[in-house]
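Notes for the one structure printed next.
The values are calculated or read from the model by the stated rules, or taken from the named source; none is laboratory data. Just so we're clear, the structure is a prediction, and the values are computed from it rather than from any experiment. A quick note on method: Cβ atoms are made from the backbone with ideal geometry, for glycine too, and the neighbour counts reach across all protein chains shown.
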Amino acid sequence: MKGTNLGEFEEVVLLTIAALLTEAYSVAICDEIERITDRKVKLGVVHSVLNRLEEKGFVNSQLGEATKVRGGRRKRYFEVTHAGKATLQKVKSQRDELWKLIPEFNLKMI
Amino acid sequence: MSKLNPHIAPPAFASRLLRWFCHSDFHEELAGDLEENFLKNTEIYGLKKAKRKYTIEVLGLLRPSVIKKVRLFNYQNNTAMFKNYTLVAFRNLSRNRLFSAINILGLAMSMAVALLAIVFVTEIYSFDEFHKNKDRIYRVNNIVIKPDGELSVPYASTSLLAAQKIREQVPGIEKVASFFKGFYGDLKTENETYSIEGYFASKEFFEVFTFPMVQGNPETALTEPYSLVLTESTAIKMFNSTDVLGKTLLRRKTPYTITAVVKDPPRNSHLRFDVLGAQSTLASETRNSVLTDWNSMWSSYAYLLVSENRNLEQIQASIDQIAKEENAKSQSLNAKLRIERMSDIFPGEDRWNEVGTVMPNQRLSAMIILALIVIFSACFNYANLSIARSLKRAKEIGVRKVVGAKQGQIFTQFITESILVSLISLILAFFLFRLIRPEFLSLDFYISRTTTLELTTSTYFYFFLFTVLIGFLAGCIPALVMTNFKPISIMKGIANMKVSEGINIRKILIGIQFVLSMGFAILVTLTYKQYQFALNFDLGYETEAILNVELQGNDFDIVKSAFIQIPEIEGISGSAFMPSTGSTNSDHAKIESKADSVVVYSIRINEDYIQNLKHEILAGGPINDDLQKKQMIVNEAFLKQFELGSPIDAIGQIVDYYNENREIVGVIEDFHYGTIYNDIQPFAFIQSEGYLNYTNLKIRSKDMNSTMAKIANAWNSIDSNHDLQASFFDEDIERTYKDLSSSMKTYGLLSIVAISISILGLLGMAVYTAEARLKELTIRKVLGASVQSLVSLLSKNFVIIFIVSAAVAIPTSYYLFKNTIAQNMEYTINIGFWELGSGAILVITTALLTISSQAIKAAKANPSESLRSE
């Protein structure tokens, strides 16, 4: 099923949301990805990925409380749904399996 | 973070842009995210760079997932909604009968005018479309350069010599069809005579143009001299059959053989003919100078069929070369040759000596512009009244919005409504159209000659399309105004709502309407006065009770002897044509002792003419018909031009004019041989020398009908083949100014429409204002205001609009009159206050009456009636 496939960047975003626990909103996600992967992330790109993930049912979102910063505007917090968690697990186990198949010497960096 | 610092704020433009394109579901969080980033960036990079980053980020959000979905219609249940819109629209129409009537009537009137314009324009543009090679046919036009200056005159005609040279010398041209327009007069069968008109056409005629044959071979039909091609209807008229090949007809005692029969030229052809003679005939006749003279270009035409891969510039260059060579050889004509696309002929530029009637471009665009003006005026009405009434419907809109109607849906609703109104108007407009069609056809010489205004399927389709467009245009502004109502302010109370922008739009719309109405009214007045002026112009001789009878080829003396028996005819004279009706004739005149030759206008007359038309003789006497002594009579301008001194001194002078030495035997007072478009130039009456075409009968009769019957009888006794062609001189003059009278009628018709529409609109506005301010008025009245002061209170605003409109309309229409209608006139009316003011005053008075009728009604109402109701 094409709709539930998880792209590389989608996986990164989904993992970041899981890592950020309750503080997962778009700016924080951007920062975290930038910090860990060391690549420039555009807000618009992250936003559209988040929307896509929500459409696929991997994340839920809700608006938080209004605060004084951000011009009084609310943040949208994301959390990983059960389906999201299952997919992440599946992806990880697939990768692990692949890792297991590789003889150790083959990946040793010389 | 110091949010309170007003300087640290994201760039306003980018924020607004974001708000504009961003989907409302996402705007809050995204704006927040951006602002958070912005504040962070300000601390890291400084304000300037942060702002730039913000803008870039906003632009980065321009992606399909973020942008609003643009949707006018709600696709899920649009039929149900449209049903509802229609229902609501009909309810509204029937609730506000007066306003609906005003809207529908106004739209219908203007649409009737627009329908005329649509039919007219489609018909005009269908001209010459039937030729198979229409894209490759070009006409050669002569542009004559006058010897005295830079002035060049465009002609539609060219010489047959030019056609022949092009045929022989210019590469890149497949065929050259030329024709000479001189094939008119009588054709005789064994026992009947028919008057026909046609061309001497070259043999390529049927290869260039598409006129399908009924009988005969198109390639050879016009090859032999004295061959003749008839149209189907002419053949049937003469022989009652189209099976006529090989039969002969007599023209000027020469037999012509019929070689082909063609279908009649369609109505939308600029070439019209009954018969075609072979152009090779001209070579065998004596007048073959037509074929070989560079300067006999006045009634012959050349059409080129260029090859598929033409190079127009090259063709034009070769033709220029021909013109250059011929101009060098010729003393009397200096002309350029220009090629013109077939599709540019009709409608096209105004040229001299057109083949047939041509619709000049300016006339066509004037028609379209005027129709548009009227249409816009009616659309303004609709917009105006709808905006004015919009407050009444604010609650409906508020409820719709609260229930969840999107802006697009509200817009659609009001557009649906206005399209509905315009469709209803279309039905009415269609009847109006039928009503004014004959009027329109008789309006203008050009129109009746060229169009029939028949309806076709495509015009019906255009009508419908146009109606929907009008509905959209008219509904656009009110729909936008209403779409932008904020539900909150509606719910808070209509009384608090301000539609102040609306008021300004309305004032401007009314103003424009009145400028148009007044402008039309003033133009009508001016044109009417000018027309009357032209008809009653003192020509310097008497035209009253003069009946001009066309001789139609009959000998003058025979006609005279027939008419002289009628006792009511007081005088009979003859002339080549009638002065003061637009025709002129001129040649160079020279007096031995004076250096320069001068252009002198002239008319050939017989000896009784001067006395019959009561010309004032200053010296000498009338000419006589004695051809041994060539004589002429000249006017005062002639004396002045040649410096001949007093009239008596001029008698006996010999003038070289029209290839003869003529003696001046009389001097007459200046008179207007031309029209009001010409001033008085040197002029001469010369002897007829057998060139009389008209006889002028001075009639004194108490019973005109019986006299006319006698004249007709006398005519029939001498010529049974032609009907009597007679008209009074005054009628001839009237016909001369047909142009003027037709523009007068056009403006008249339009001004009636425009004034009615604007008065209707005004009535609507007045009713609305009186209604909306009813409570205010009654309270004022209770407190002691007089009816008068209430009326002036209501009318004040309108009066200001009228005054401003008049201030715009008067100078504009004066300028228009001077620059279009009176542009080339030598003699025009004096334009004073009443000429300019009366139109405006008429419109203002009608408008004021309309307003005050409503105002008085409101002011006189019993206060308790309206105060009790709450």
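Contact annotation: residue pairs with Cβ atoms under 9 Å, 6 or more positions apart or on different chains, pairing a residue in the range B:15-38 that is more than 10 Å from chain A (Cβ to nearest Cβ) and more than 19 Å from B:LYS406 (Cα to Cα) with a partner that is in a helix (DSSP H, G or I) and modelled with pLDDT under 85, are B:LEU18/B:HIS27. Annotation note: Cβ proximity below 8 Å between a residue of the range B:58-76 that is farther than 14 Å from B:ARG19 by Cβ and more than 9 Å from chain A (Cβ to nearest Cβ) and a residue that is at pLDDT 75 or above and part of a loop (DSSP other than H, G, I, E, B) (sequence gap 6+ or interchain) occurs for B:LYS69/B:HIS23; B:ARG71/B:LYS406; B:ASN74/B:LYS406. Taking the criterion of being of a type in the set (A, V, I, L, M, F, W, C) and not in a helix (DSSP H, G or I), the residues of the range A:48-96 that qualify are A:PHE58, A:VAL59, A:LEU63, A:ALA66, A:VAL69, A:PHE78, A:VAL80. For the range B:686-704, does any single residue satisfy the condition of being assigned to a helix (DSSP H, G or I) and modelled with pLDDT under 90? Looking through the range B:686-704, at least one residue is assigned to a helix (DSSP H, G or I) and modelled with pLDDT under 90. Restricting to the range B:149-169, count the residues that are touching a strand residue (DSSP E or B) at 6+ places or on another chain (Cβ under 9 Å), surrounded by fewer than 20 Cβ atoms within 10 Å (Cβ to Cβ) and part of a loop (DSSP other than H, G, I, E, B). Of the residues in that region, 1 qualify. Between residues in the range B:244-265 that are more than 17 Å from B:LYS203 (Cα to Cα) and residues that are among the basic types (Lys, Arg), which pairs lie under 7 Å by C-beta distance while being six or more apart or on different chains? Matching pairs, first to second residue: B:LEU249/B:LYS188; B:LEU250/B:LYS188; B:PRO265/B:ARG272.
Give B:SER233, B:SER280, B:SER269 a once-over and let me know the one that is assigned by TED's automatic domain parsing to the domain that holds B:TYR155, without any contact (Cβ under 8 Å) to a residue 60 or more places away in the chain and polar (S, T, N, Q).
Result: B:SER233 is the single residue among B:SER233, B:SER280, B:SER269 that is assigned by TED's automatic domain parsing to the domain that holds B:TYR155, without any contact (Cβ under 8 Å) to a residue 60 or more places away in the chain and polar (S, T, N, Q).
Of all the numbered requirements in (1) surrounded by 11 or more Cβ atoms within 10 Å (Cβ to Cβ); (2) more than 14 Å from chain B (Cβ to nearest Cβ); (3) part of a helix (DSSP H, G or I), A:PHE105 misses one, and that requirement is (1).
Quick check on my filter: what residues within the range A:15-29 are more than 8 Å from every other protein chain (Cβ to nearest Cβ) and surrounded by 17 or more Cβ atoms within 10 Å (Cβ to Cβ)? Hits for the range A:15-29 are A:LEU15, A:THR16, A:ILE17, A:LEU20, A:ALA24, A:ALA28, A:ILE29. Taking the range B:565-603 as the range and being closer than 16 Å to B:LEU697 by Cβ and either without any contact (Cβ under 8 Å) to a residue 12 or more places away in the chain or outside the structural domain of B:ALA684 (by TED's automatic domain parsing) (or both) as the test, only B:PRO567 passes.
Quick check on this structure: which one of B:ILE718, B:ILE711, B:ILE752 is over 37 Å from the mean Cα position of the chain (by Cα) and surrounded by fewer than 17 Cβ atoms within 10 Å (Cβ to Cβ)?
Result: B:ILE718 is the single residue among B:ILE718, B:ILE711, B:ILE752 that is over 37 Å from the mean Cα position of the chain (by Cα) and surrounded by fewer than 17 Cβ atoms within 10 Å (Cβ to Cβ).
Determine, yes or no, whether A:LYS92 is over 19 Å from B:GLU29 (Cβ atoms) and within 14 Å of chain B (Cβ to nearest Cβ). Answer is no for this residue.
When the residues of the range B:283-311 are filtered to those that are assigned to a helix (DSSP H, G or I) and in contact (Cβ under 8 Å) with a residue 40 or more places away in the chain, the one that is nearest to the chain's Cα centre (by Cα) is B:VAL290. Residues in the range B:548-588 that are over 15 Å from B:ASN713 (Cβ atoms), among the aliphatic types (A, V, I, L, M) and assigned to a loop (DSSP other than H, G, I, E, B): B:LEU551, B:ALA576, B:MET578. Quick check on my filter: what residues within the range B:436-481 are of a type outside the set (S, T, N, Q) and not in a helix (DSSP H, G or I)? Across the range B:436-481, the qualifying residues are B:ASP444, B:LEU453, B:GLU454, B:LEU455. Among the residues making up the range B:384-409, those that are farther than 30 Å from B:ILE759 by Cα and under 44 Å from the mean Cα position of the chain (by Cα) are B:GLN407, B:GLY408, B:GLN409. For the range B:482-514, the set of residues classified as under 26 Å from B:LEU760 (Cα atoms), at pLDDT below 80 and in a helix (DSSP H, G or I) consists of B:SER500, B:GLU501, B:GLY502, B:ILE503, B:ASN504, B:ILE505, B:ARG506, listed by residue number. Only a single item in (1) among the aliphatic types (A, V, I, L, M); (2) under 25 Å from the mean Cα position of the chain (by Cα); (3) modelled with pLDDT of 90 or more is not met by B:VAL153, and it is number (3). In a residue-by-residue description of the range A:65-80, the property of being within 11 Å of chain B (Cβ to nearest Cβ), exposed (fewer than 10 other Cβ atoms within 10 Å of the Cβ), under 24 Å from B:LEU34 (Cβ atoms) and out of contact with any strand residue (DSSP E or B) (no Cβ under 6 Å at 6 or more places or on another chain) applies to at least one position.
Farther than 28 Å from B:ARG310 by Cα, over 35 Å from the mean Cα position of the chain (by Cα) and either crowded, with 17+ Cβ neighbours inside 10 Å or of a type outside the set (A, V, I, L, M, F, W, C) (or both), is that true of B:LEU187?
Details: farther than 28 Å from B:ARG310 by Cα: yes; over 35 Å from the mean Cα position of the chain (by Cα): yes; either crowded, with 17+ Cβ neighbours inside 10 Å or of a type outside the set (A, V, I, L, M, F, W, C) (or both): yes.
Spelling it out, B:LEU187 is indeed farther than 28 Å from B:ARG310 by Cα, over 35 Å from the mean Cα position of the chain (by Cα) and either crowded, with 17+ Cβ neighbours inside 10 Å or of a type outside the set (A, V, I, L, M, F, W, C) (or both).
Scanning the range B:818-826 for residues that are touching a residue at least 60 places away in the same chain (Cβ under 8 Å), surrounded by 18 or more Cβ atoms within 10 Å (Cβ to Cβ) and within 23 Å of B:MET518 (Cα to Cα) turns up at least one hit.
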